[in-house]
Amino acid sequence: MTPVQPILITLLVCLSAIALLSLRSRLVPRLVVLVLLAMGIVFVANPQFANWIAHRVGVGRGADLLLYLFSLTSAYLFLMMYSQLRSLERKVTELIRCGALRSAKTPHEMA
Amino acid sequence: MHPDRVFAIIPAYQEAGALPAAVRDVLTLGYSVVVVDDGSRDGTEEALRGMPIHYLRHATNLGQGAALQTGMTYALSQGAEIMVHFDADGQHPASRIAELIRPILEGECDVVLGSRFLRREDRELVPWKKRIALRIGIVVSGILSGVWLSDTHNGFRALSRKAASRIRLREDGFAHATEILGCLRTAGLRYREVPVAIRYTAYSIRKGQPVSNGLNVVVDLLLSRVLR
């Protein structure tokens with residue numbers, strides 16, 4: 001094992017633990033995190049495994065395969081976060097609208 | 001119909017300077033006015049004191065689409081029969097409201113949209129840079145909404161009570177103009193365009209949206225299509 005491997009595995013475990021703790025009561029995202037953690041540990045511990053899969057799917061190197069997977073995952077996460085942001089914005093809009101409607105001033109009050 | 005059943009909805013953000021004159025123009029004609037102050041911090045409410053208007057205030061700035069939806073929801077609750085979207089910077093001519101709402105009063109349609117491109121004299125009032133951007137906007141809106149009009153980002157429009165009840169704007173920003181067109185189709189509303197002249201002043205051009213903002217609108221619409 002090279003010196004960087006235990007460092008990377010420790011970081012992966014720590015990040016996964018934080019993600020698992022923050023995803024309270026959400027089973028599917030937690031399972032995704034666990035699967036990603038397992039894959040990460042396998043790829044770090046055995047880099048040849050990534051090369052082997054890359055050859056099988058027609059990508060030259062394991063590093064390239066991981067880069068493609070990383071790009072796809074990042075794009076997916078970006079879209080999911082954007083979607084959640086829009087959902088949050090809608091809730092904020094409804095809240096503010098509710099407040100505006102409740103405190104509306106009539107012509108009599110303004111005049 | 002008594003004119004006070006016609007509600008002019010004026011979204012306003014930092015328009016304390018030009019807004020009172022625009023409101024006065026509408027009030028003179030006997031229409032009801034709903035000002036939706038979209039989180040201004042320039043004393044908009046004080047500038048409107050003494051005017052017999054409905055005043056609503058967003059606690060923070062949300063955008064023109066959100067302000068229009070707030071105004072329409074409120075106007076519906078007040079028994080409005082027709083709602084007119086009207087700009088705060090004075091570029092919409094209040095004298096044209098009667099022309100704008102006539103097709104609705106006569107039962108010809110549910111929504112009337114003002115267009116700057118139906119008459120040559122109106123078209124010539126539009127600055128050339130804006131004209132190009134608007135032309136692109138027409139094509140993009142047509143593709144995204146399936147409704148092809150001569151002018152799509154003209155904020156001067158009138159809606160019947162039925163139309164306003166069926167339209168629910170989800171786009172808080174300027175993308176609402178294209179969203180409304182999509183609603184026309186999905187809600188099965190009858191619509192038509194009428195010619196309007198927009199008064200472009202140095203003030204309204206300065207306060208208006210930069211042409212480059214059109215790209216943001218397109219991105220917003222595309223993403224909201226993918227991620228509803």
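The values are calculated or read from the model by the stated rules, or taken from the named source; none is laboratory data. Computed from a predicted structure; not experimentally measured. Using ideal geometry, Cβ is built from the backbone for each residue, glycine included, and neighbour counts are taken over all protein chains shown.
Things to note:
- Per-region count, the stretch B:45-102, residues among the β-branched types (Val, Ile, Thr) and more than 19 Å from B:MET1 (Cβ to Cβ): 4
- Close pairs (9 angstrom Cβ cut-off, 6 or more residues apart or separate chains): at the interface with chain B (Cβ under 7 Å from one of its Cβ atoms) in the stretch A:92-111, part of a helix (DSSP H, G or I) and charged (D, E, K, R) anywhere: A:LYS105/B:GLU45; A:MET110/B:GLU45
- Selection from the stretch B:182-198 of residues that are among the hydroxyl-bearing types (Ser, Thr, Tyr) and either assigned to a loop (DSSP other than H, G, I, E, B) or touching a strand residue (DSSP E or B) at 6+ places or on another chain (Cβ under 9 Å) (or both): B:TYR191
- Cβ separations smaller than 8 Å between residues 6+ apart or across chains give the following pairs from the stretch B:36-62 residues that are on the phi > 0 side of the Ramachandran plot and in a loop (DSSP other than H, G, I, E, B) to residues that are surrounded by 14 or more Cβ atoms within 10 Å (Cβ to Cβ) and modelled with pLDDT under 95: B:GLY43/B:ALA16; B:GLY50/A:MET110.
- Positions within the stretch B:120-150 being within 11 Å of B:LEU181 (Cα to Cα) and in contact (Cβ under 8 Å) with a residue 60 or more places away in the chain, in sequence order: B:LEU144
- Note on the stretch B:75-84: residues that are in contact (Cβ under 8 Å) with a residue 60 or more places away in the chain and either surrounded by fewer than 24 Cβ atoms within 10 Å (Cβ to Cβ) or within 8 Å of chain A (Cβ to nearest Cβ) (or both) amount to 4.
The rows are residues; the columns are (1) at pLDDT below 90; (2) not hydroxyl-bearing (Ser, Thr, Tyr).
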residue: A:LEU12; (1), (2): no, yes
residue: A:VAL33; (1), (2): no, yes
residue: A:ARG56; (1), (2): no, yes
residue: A:SER74; (1), (2): no, no
residue: A:LEU79; (1), (2): yes, yes
residue: A:GLU89; (1), (2): no, yes
residue: A:ALA104; (1), (2): no, yes
residue: A:ALA111; (1), (2): yes, yes
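- Entirely in the stretch A:1-73, the helices (runs of 4 or more DSSP H) that have 1 or more residues that are surrounded by 13 or more Cβ atoms within 10 Å (Cβ to Cβ), among the aromatic types (Phe, Trp, Tyr) and free of Cβ contacts under 8 Å to residues at least 60 places away in the same chain: A:27-45, A:47-57
- Answer residue from the stretch B:49-107, given it is of a type in the set (Ser, Thr, Tyr) and touching a strand residue (DSSP E or B) at 6+ places or on another chain (Cβ under 8 Å) and is nearest to B:PRO20 (Cα to Cα) among those: B:TYR55
- In a residue-by-residue description of the stretch B:67-74, the property of being in a loop (DSSP other than H, G, I, E, B) and surrounded by fewer than 24 Cβ atoms within 10 Å (Cβ to Cβ) applies to no position.
- Here the condition is being among the small types (Gly, Ala, Ser) and within 13 Å of chain A (Cβ to nearest Cβ); of B:GLY107, B:GLY63, B:GLY43, B:GLY114, it holds for B:GLY63 alone.
- Any chance B:ALA94 is free of Cβ contacts under 8 Å to residues at least 40 places away in the same chain, in contact with a Ser or Thr (Cβ under 9 Å, 6 or more places away or on another chain), farther than 22 Å from B:ILE167 by Cβ and away from every other protein chain (no Cβ under 14 Å): no
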